[in-house]
Amino acid sequence: MDPEEQKISRGILLSETRGISNEYGGDSTREDLARIDSSSPATETPPAKKPKRESPCPESNGIANAESSSKPSSTVGNDAAPSVDFPPEAGGTQPDSQGRDEIVSLYISLEPISTKVPQIPKLTEFEVKQLEAVLEFKNSSEWRDDWMGNLAFADLDVGNPAISSKSRDKQHTFRQPLIQWAHNDQSNAKYVWFLICHVYNIPSIPPAARKILGAVDLRSSVNMEKTLRRVMYDPEVLREDGWTTAKSNEYIGATGGPHNIGEQIYWDGSNAVVIAYIHDPGLRVSDIGDLWKAIWAGNDDDDDVLTTTFDLEAEELLEAKRKWQRRQSSRSGGGLSSSRHPKKSNVSDDFNVAGVELGIVLGASYSKGARNGVYWPARVMHASEKMGTKSQTKRQSSKNKIDLVFLAPYWNSLEQSFAARKVEALSENRKSSFHSNPLFQFETVEATDDMIKEYLYRPECELDLQQLRLSFRFTGLPKGAFSRFVDAHRLALGLQNYAVRHLKKNVSATDRATAGLFEAHPLAVRAPIYPSIVLELPFAFILSQLPTLSSQSGFEHERHEPVLELKTIVDSMKPPSCWGKNIIAALPTSADEGRNIHEGTGDITPWKITTMSNGKSSKNREYEIGHFLSGLLALQQAFDDHTSSPAVLGVIHEFDNLLVLVSQKNITTAGTESERTSRLKDLVRNWAILKGHGEEGLSIEKSSGESLVVSEWHRATERLFKYIVESFSASISRRGISTVFTDTRCNGHITSNDCFERAVRLPAALKGAKLAGAGSDENCRLISAVDESYLKYVEHTLLPKAHDSAYLKRMRGRCAAAVNETEILVLTEDSEGNGGSDTHGSKGTWAAAVTAVAAAVAAADMIVGGESTNAFCATRPPGHHAGKGLHPMKAVSNGFCVLNAVACAAIHATSSILEGGLGLKRVCIIDFDVHHGNGTQDILCSTFNPHFLYVSIHAGGPHVNGVAIDDDPDHELHELASNPKQGGGIYPGRCGDTSPHKGVLNIPLGSKVTAHAVGAALLSTVTPAVNKFTPDLIILSAGFDAHKSDPMCLGSLNAEDFGHITEVCCQLAYKSCSGRVLSVLEGGYGVPCCRPQKNVFIPSPGRGDREIESISQKQKDGPELPPSTPSALQIPRPQPSRLLQLGDDLPESMDDQVPFALQRRLEKCHAEGFVECVKEHVASLMRCNKRT
């Protein structure tokens, strides 16, 4: 064998032979294999020297490790099929695939993948048995589920395939990889070909991988190996298989996620580089579910380039990175070239963190086991605490770093590099339920934004345990770390509380000079100096006395916990308290400590109002006004003020009169259920009027303290709302109920076959809702039809308030113009041919869209009317891209949307009761679809409207959409383009990159939405904004297209993440509006094929090239030709590996013809997709539907 081929055969590609040869040799058939069979005798040749670095075998290779017991598909031999063109990917662009081959392209020149390749036939049963015998399988169940794991069998160590298995077992012990046997003996190459055939015909293989394998050159075993290696690292293959190949600029999740792509590592004795990342809990590789793919680089002895890939879990990757760093630091000149060095941290004396005066920040740790991207509570040590300790080796280094003491860390902190210096303060150790870690750990970190963040909680409020649970779920840490997470925040708030009340702030204009004297960063000087008696408290014992909490506790329990009073604990250890005397005097009063009065019903004496509205006796009343004003001191003072205006006195009278009505038993118990429901709605209407009058009257009366008084009025009226609803709950069972709305009329909206927004989305959504319990669980009702009165109200009264009359006339007319129910029309093209062609419809589209709006309005009525805590509308078409007219906010199309149900429901909720609305003052819309809801913003918030707050968390941003506002003040470059840097980006463009006024909060999250980014945005940005707005109703634009398997390819969330998002929104609703949440289905397209694919017709060779025609093209050309017509050929359409079963919810008349490329993209949604997202969403609504 040629020496060059010997080197390559050992898994090493020389630099002069980078990439895969583009000499894909013609048609490869079994005749080629016959020639290979006869080219060399079936005798064993002396083995080549085994290389230092071998291809990893499947037993130790990440994905290949996935357990499998599935039997391979039946194999039936057939002749090679004619060449066909692979259809292009349908719809949706992958943001990380636009002209970037990422890390691999730095090392290997990737030749273009041929689009015209021969199809490889399936193996016969005999050939499968031959291959299994060579691979030494005991039975067929040893084949793996994933295609890449099966392909890795080429590196499995086996005996000589040219010798029978019986003789091999008895006489021959030498074993080497199957691909190596093919290099040594060309007769063995046929078994590699058999393996390629088998993998090629696995249904789940990505289209790009099938193209590469189909073009294999059988004339050389070396070229066959090149093809095998190419499939393992090709970026297009990896992206289609669900991997992320683009490096992220920020740490994502608990492990850093795609931020680690491009990192140099050292593993199994050789250098390597990370090329891809995937998050999939189904892989079962760790608690985190993260996996990275790496590829071998040159080792210490040679300068060869990348060959074989292997996979690493989170802990393995961390270890590999540290090994590489240690090797680089121990070698002289052995590091990366200057162009490959990581960027130097931007350390500056001007770096500042808000709240450092209180002593607590969020810090990132370098310790073993600490996850990148997870920031943990830490105490900032004052510069004076460093006095007397060992000095730094470089004087300047201490000025750029800050000493932190991490509180109750979850990681293993026994590493020697951090054990050299022990902090006397905060050094108490105790056993923990998570790795038995020490309670405190010292670490020195750089003063940069990457290492230190602001601590968001403040000691003025109690510890919100539910918010801590939600925040913890977005960290991606194992559930066992939750107890440490709570302990860390308990300590942090306790120390903050002590600093606020008992320490002077160390803030002055001379901080920098003082820092220079201490040779420390200015932040270290601004930190508080805690007395040693506080830092040496027995914190382990204190925490052990507090309740043990679970990360999965019920939504209605353990809501708040008081902040630790360290001063009280210290005082209790001093005389006379330590002798058990004068304990009450030793304890500070609420007035001394500035304690907030907590809301409660039993511990606080109801405030007695001095003015009664009607002078009647209240003996028969269960509650007085004072019960609802307990603890609301500012509101009590406003009501007690005898100089109050007539408006305030009128509010008091209205409040008392409403209580009189509710307290009458015949109101809540007499009559039929429908009569009681009607009375409940009347009382809620009166409540809405009372709430509005109170806000207006108190705003005028108390201009100086308006904000506090109105805020307390809001809390008082929400208490009243709960009381009204609970008064009826015993008789009509409406407490703690979720509702799912749907209507079969929405199935009348039919789109083109190549559209992502397919008709089967509605049955799929219903399946997800039913899996969560809709219709079967007593806490979740399923309403399958909308009342006709709502349809009339929506069409004649509500829609003209949201959409322009010309737009409505156009949509209605376009749908009516359809010849029959199945004709597909483009709805959004204007007279000039603009408007985009993505929004299709049919004759039933108008009725479907009106029904979707009516369902949202009916759900809003039921929620505000007290009949349901929250509701989900499983309807279509979606609506958040539909604005007042065409091109809302300069968008190029309507994005599958026709009428905006969310905007209409919000307008209905804030319309006056006389107009048929609900009379609410404020409605908040939270849109978590992966695309910005430009239509909703256009209708509700084109200018500031105090009734609405629109919040959108979506993919995009100026760095993605590519046009700065200053460069385009008139939005003339707003249209999308293929290249983000040329004025385009992610639909609908840059309208969601900024927030035009305080009524809009747009949060773009870059080219790909991640769970970590969504969680951080919800907890740090959305929560304060919504709490300040205090809405009366929260409406969710529930889009699930940020899922990792969605064909849009714009997100990496899993189904559980959508459940967490829903819980955060419900938590906000409980704080502001008694849990009232309306959710409306928007995007989400990860629904696998639901029907068998029909045959297609192609022209005969005499009419033109052979190509598969799309259904839409056939409709334009005319009726289909019958199979007997000689001028056309009928060929089978590629069938999906399996169909999604939707049961009775899938109408018999509903078809589902999906292009081949989209079929393949949707295959992974069988494991988890749109159905599971809806299930988690509805399940979260059900968990959160208790009013407490």
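Given Cα positions, please report Rg to Rh for region 791-893, the hydrodynamic radius being the Kirkwood one.
Numbers: Rg = 14.9 Å, Rh = 14.8 Å.
Ratio value, two decimals: 1.00.
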Using the C-alpha atoms of region 731-808, what convex hull volume per residue, in cubic angstrom, is computed? 150
Could you put H997, H954, H947 in order, starting from the residue whose Cβ has the fewest other Cβ atoms within 10 Å? H997, H947, H954
Cβ crowding within 10 Å averaged over residues, with 850-860, 789-799, 903-913 ranked highest first: 850-860, 903-913, 789-799
Distance violations [Cα-Cα > 23 Å] among K921/K1071; K809/K843; K479/K767: K479/K767
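Please give the FRET efficiency for A806 paired with T744, using the beta carbon to beta carbon distance and R0 = 30 Å, rounded to the nearest 0.05.
Details: r = 30 Å, r/R0 = 1.01.
Once rounded, the FRET efficiency stands at 0.50.
In what sequence do V356, V923 fall when counting other Cβ within 10 Å, fewest first? Don't skip to the end; give the middle numbers.
Working: V356 23, V923 28.
By the 10 Å Cβ count, ascending, the order reads V356, V923.
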With label points set 7 Å from each Cα along the Cα-to-Cβ direction at D641 and E726, the distance between them in nm comes to 3.1
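How long is the gain from K479 to K998 if the chain were fully straight, where each residue apart is worth 0.36 nm and the alpha carbon distance is subtracted? List each step's numbers first, then the result.
Values: separation 519, 0.36 × 519 = 186.84 nm, distance 3.74 nm.
Stretched fully, the K479-K998 segment lengthens by 183.1 nm.
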Calculate the FRET efficiency for W579 and N352 from the Cβ-Cβ distance with a Förster distance of 60 Å, rounded to the nearest 0.05. 0.80
Along Cα→Cβ, 7 Å out, is where each label goes; now give me the distance between the ones at K368 and F944 in nm to one decimal. 5.6
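Calculate, in nm to one decimal, what T797 and L546 gain on full extension: separation in residues at 0.36 nm each, minus their alpha carbon distance. Walk me through the numbers before you get to the answer.
Details: separation 251, 0.36 × 251 = 90.36 nm, distance 5.66 nm.
Contour length minus the Cα-Cα distance gives 84.7 nm.
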Sorted by chain and number, the residues with a modelled amide H under 5 Å from that of F872, at a separation of 5 or more or across chains, are T739, V740, F741, S1079
For region 175-252, compute Rh as the Kirkwood radius over C-alpha pairs and then the Stokes-Einstein diffusion coefficient at 25 °C and 0.890 mPa s; write the answer in µm²/s, rounded to an integer. 178
Mean Cβ neighbour count within 10 Å, used as a protection proxy, ranking 401-411, 742-752, 361-371 highest first: 401-411, 742-752, 361-371
Ordering 626-634, 804-812 by per-residue average of other C-beta atoms within 10 angstrom, highest first, gives 626-634, 804-812
Computed label-point distance, nm, for sites E136 and E675 using a 7 Å Cα→Cβ extension: 8.4
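Take the Cβ-Cβ distance between D1144 and N657 as r, set R0 to 60 Å, and report the resulting FRET efficiency rounded to the nearest 0.05. The partial results should precede the final answer.
Values: r = 50 Å, r/R0 = 0.84.
My answer for the efficiency is 0.75.
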Ranking I926, I278 by Cβ neighbours within 10 Å, fewest first, what do you get? I278, I926
If one computes the Cα centroid of region 925-944 and of region 1133-1188, what distance in Å separates the two points? 26
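Where a number appears in this text, it was derived from the coordinates with a stated rule and is not lab data. Only a predicted model underlies this, so the values are computations on that prediction, with no experimental measurement involved. Positions of Cβ are generated from backbone atoms using ideal geometry, with glycine treated the same way; all protein chains shown enter the neighbour counts.
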